[in-house]
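Report on one structure; see the data block that follows.
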Amino acid sequence: MTRIANDAADFVPQALAGFVAAHGDLVRAVDGGVVRASPAPRGSVAVVVGGGSGHYPAFAGVVGAGMASGAVCGNIFTSPSAGQAYRVAKAAHRGGGVLFSFGNYAGDVLHFGEAQERLREEGIDARTVLCTDDIASAPIDEIHKRRGIAGDFTVFKIAGAAAERGDSLDEVERLARLANHRTRTLGVAFGGCTFPGADEPLFTVPEGMMSIGLGIHGEPGIRDVPRTSSAELAQTLVDALLGDVPEHRGDRVAVIVNGLGTVKYEELFVLFGDVSSRLEEAGITVVQPEVGELVTSLDMAGASVTFLWLDDELEPLWAAPAYTPAYRKGRVEIVTADAVDDEAEVDVDAAVDVVEASQWSQHAAAVALTYLEVVRTTIHEHETELGRIDAIAGDGDHGVGMRTGIDAATDAADPAVGLSAMLTAAGDAWSEKAGGTSGALWGAMLRAIGRALDHDDADLRHAVADAARAALDAVTSRGGAHVGDKTMVDALDPFARTLAARLDAGAGAGAEIGAALHAAARAATEAAAATSGLRPALGRARPLAEKSLGHPDAGATSLALIATAIAEASTSRPTREEER
């Protein structure tokens with residue numbers, strides 16, 4: 001548990017501020033994370049890494065010469081927002097393009113993907129390499145579905161070294177992909193981690209047992225086995241890793257024995273000794289190993305073993321020097337921090353053209369704001385329960401993320417700008433402050449709903465149906481989920497279909513819209529409850545499918561709660577003529 005803190009809600013920004021104060025010679029703060037205090041040479045590739053906080057030294061601790069140019073830092077175990085990723089990348093960019101690299105998690109993919117598109121729209125070549133090293137999270141024939149854990153470090157190291165020596169963006173991307181393809185990790189947990197301000201860990205391991213196949217966001221392993229000696233644990237981990245190797249693996253491997261938070265260095269050295277012996281018996285040479293805390297999970301009691309199978313291209317990059325706050329290797333010439341180029345600064349307050357909203361649009365925005373307030377009340381009431389459901393097979397942050405998102409959205413909503421502009425601002429704020437998968441998807445839904453509804457001369461009944469369909473399209477197009485995957489789509493799809501069917505068949509508005517909302521909310525609630533019988537096909541819960549059985553999906557549950565609250569708050573809406 002966290003013993004040194006002020007307000008748990010301010011833990012991440014205060015920790016980041018202290019980190020920058022301690023390492024001001026190497027990093028400087030930007031809105032969303034940190035970048036190198038002394039920028040890399042003009043024209044070089046900016047390797048930008050990131051994800052949720054709680055994993056130090058990942059991600060801010062590996063910003064520096066020979067490693068990352070910048071790190072995007074979200075809330076604890078929550079992906080940073082698209083805005084954060086965009087701003088850090090802009091500040092780190094030196095003219096050679098941007099390579100984003102991060103673990104393969106839905107929220108990170110969504111937010112970094114949006115940031116990448118924004119950069120490309122501005123003429124900056126931006127690419128992404130996902131880290132997919134965890135062999136416990138998917139079989140080898142579905143390697144693209146694997147999550148990134150401690151193997152993130154090998155990809156960051158190879159990409160950073162390639163960028164440092166002046167390789168082109170094409171080459172840095174290719175080598176990072178090669179490193180990821182040749183990296184494998186498996187971990188073990190002895191106990192769960194505890195969020196700042198929380199009293200209980202996200203999971204516990206039964207006495208005398210250990211959990212194989214942990215995640216780094218507080219996820220337990222996929223199977224519990226009796227606790228054993230270091231030698232037998234090493235055999236379990238090494239044998240599994242040797243059974244899951246890239247083609248043409250070779251016989252030289254970089255090994256990382258990584259501590260997750262409370263398994264300390266002496267223990268890790270014991271484990272490495274046994275891992276090394278096992279590899280020697282297999283005729284494999286260990287090259288420049290790393291033993292220590294490189295990718296942690298708050299105070300989780302656990303450790304992981306990573307293999308990067310080296311070849312003639314990767315080995316020099318693995319051996320290349322680096323100098324960062326948390327990782328130093330070889331000899332690097334330290335350059336004193338210089339003045340930052342003006343063009344590296346991102347003007348987040350740049351003026352935009354504002355189109356005056358119609359009287360109807362302003363009125364509709366005021367009505368929409370009352371519904372946002374209803375949603376806010378509902379989420380606050382159910383925050384703890386949503387977190388409990390999410391913790392069964394996830395990291396338990398869904399309730400906190402939803403509360404953070406709706407608070408930000410409601411605070412950003414100004415009816416004076418009109419319906420579409422107001423919901424766009426609210427959606428952007430939700431995405432920015434909440435981060436995570438739900439932050440990205442709820443932000444996209446609000447923006448889509450605003451665009452669909454804000455038409456003075458449209459039939460209100462049809463506009464509401466179109467808005468429901470637009471919200472569903474926004475979620476499925478970005479998240480890639482389908483009905484049956486055990487996500488919010490399982491509740492959103494029947495909600496949108498039921499609402500549209502009722503409204504498309506009707507002949508009036510007002511009370512008819514309220515009745516349709518009630519019917520759609522019932523459909524969403526029934527579908528959300530039915531997710532108890534589903535196995536998750538996407539997201540962090542997928543590797544823990546068996547643990548998830550018998551429990552509803554948190555995202556589907558929160559959507560159903562919101563749909564019900566809106567239906568209950570709805571009354572007979574005025575006709576379009578009355579609203580004018």
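Each residue in the stretch 179-211 was checked for being under 27 Å from A254 (Cβ atoms) and crowded, with 17+ Cβ neighbours inside 10 Å, and 14 pass. In the stretch 41-60, the residue that is nearest to the chain's Cα centre (by Cα) out of those that are surrounded by fewer than 24 Cβ atoms within 10 Å (Cβ to Cβ) and of a type outside the set (S, T, Y) is P57. In the set D141, D133, D108, only one residue is in contact (Cβ under 8 Å) with a residue 24 or more places away in the chain, more than 18 Å from G70 (Cα to Cα) and in the same structural domain as G50 (by TED's automatic domain parsing); that residue is D133. With the structure loaded, tell me whether A40 is of a type in the set (A, V, I, L, M, F, W, C), part of a loop (DSSP other than H, G, I, E, B) and in the same structural domain as G148 (by TED's automatic domain parsing) or whether it fails that test. Yes; evaluated as a whole, the condition is true for this residue. Considering L242, L233, L214, L175, the condition of being buried (at least 16 other Cβ atoms within 10 Å of the Cβ), over 25 Å from the mean Cα position of the chain (by Cα) and within 23 Å of I143 (Cβ to Cβ) is satisfied by L242 alone. State all residues of the stretch 89-117 that are over 16 Å from the mean Cα position of the chain (by Cα), part of a helix (DSSP H, G or I) and not small (G, A, S); if no residue qualifies, say none. K90, E117, listed by residue number.
Scanning the stretch 74-93 for residues that are on the phi < 0 side of the Ramachandran plot and out of contact with any helix residue (DSSP H, G or I) (no Cβ under 8 Å at 6 or more places or on another chain) gives R87, V88. Does G64 meet the test of being in contact with a helix residue (DSSP H, G or I) (Cβ under 6 Å, 6 or more places away or on another chain) and small (G, A, S)? Answer is no for this residue.
For the stretch 106-124, a residue qualifies if it is farther than 19 Å from G33 by Cα and not acidic (D, E), and the qualifying residues are A106, R120, G123, I124. Considering only residues in the stretch 96-117 that are polar (S, T, N, Q) and within 20 Å of S53 (Cα to Cα), the one that is surrounded by the most Cβ atoms within 10 Å (Cβ to Cβ) turns out to be S101. With respect to the conditions (1) touching a residue at least 12 places away in the same chain (Cβ under 8 Å); (2) surrounded by fewer than 23 Cβ atoms within 10 Å (Cβ to Cβ), S69 lacks only one, and its number is (2). Consider the stretch 43-88 and keep the residues that are among the aromatic types (F, W, Y) and outside any helix (DSSP H, G or I). The one that is nearest to E333 (Cα to Cα) is F59. Restricting attention to the stretch 269-328 and to residues that are among the β-branched types (V, I, T) and assigned to a strand (DSSP E or B), the residue that is nearest to H248 (Cα to Cα) turns out to be T285. Flag not set for S38, criterion: more than 25 Å from the chain's Cα centre (by Cα) and closer than 23 Å to G113 by Cα. Considering A231, A301, A319, the condition of being assigned by TED's automatic domain parsing to the domain that holds V188, within 30 Å of N75 (Cα to Cα) and at pLDDT 95 or above is satisfied by A301 alone. Of the set (1) surrounded by fewer than 24 Cβ atoms within 10 Å (Cβ to Cβ); (2) in a loop (DSSP other than H, G, I, E, B), all apply to S137 but (1). The set of residues in the stretch 1-59 being over 28 Å from E171 (Cα atoms), in contact with a strand residue (DSSP E or B) (Cβ under 8 Å, 6 or more places away or on another chain) and touching a residue at least 24 places away in the same chain (Cβ under 8 Å) consists of F11, V12, A15, L16, F19, S53, G54. Filtering the stretch 214-238 to residues that are touching a residue at least 24 places away in the same chain (Cβ under 8 Å) and closer than 16 Å to L279 by Cβ leaves S230, A231, L233, A234, Q235, T236, L237, V238. Checked against the criterion of being under 26 Å from P201 (Cα atoms), of a type outside the set (A, V, I, L, M, F, W, C) and either modelled with pLDDT of 95 or more or crowded, with 16+ Cβ neighbours inside 10 Å (or both), the candidates E313, E293 yield just one match: E293.
Return a yes/no flag: does the stretch 118-128 have any residue that is part of a helix (DSSP H, G or I) and surrounded by 23 or more Cβ atoms within 10 Å (Cβ to Cβ). Taking every residue of the stretch 118-128 in turn, none turns out to be part of a helix (DSSP H, G or I) and surrounded by 23 or more Cβ atoms within 10 Å (Cβ to Cβ). Taking the stretch 458-492, which residues are without any contact (Cβ under 8 Å) to a residue 60 or more places away in the chain, β-branched (V, I, T) and in a loop (DSSP other than H, G, I, E, B)? If the condition is that a residue be without any contact (Cβ under 8 Å) to a residue 60 or more places away in the chain, β-branched (V, I, T) and in a loop (DSSP other than H, G, I, E, B), then V483 is the only one that fits.
The values are calculated or read from the model by the stated rules, or taken from the named source; none is laboratory data. Small disclaimer: the values here were computed from a predicted structure and weren't measured. All Cβ positions, even for glycine, are placed from backbone atoms using ideal geometry, and neighbour counts span all protein chains on display.
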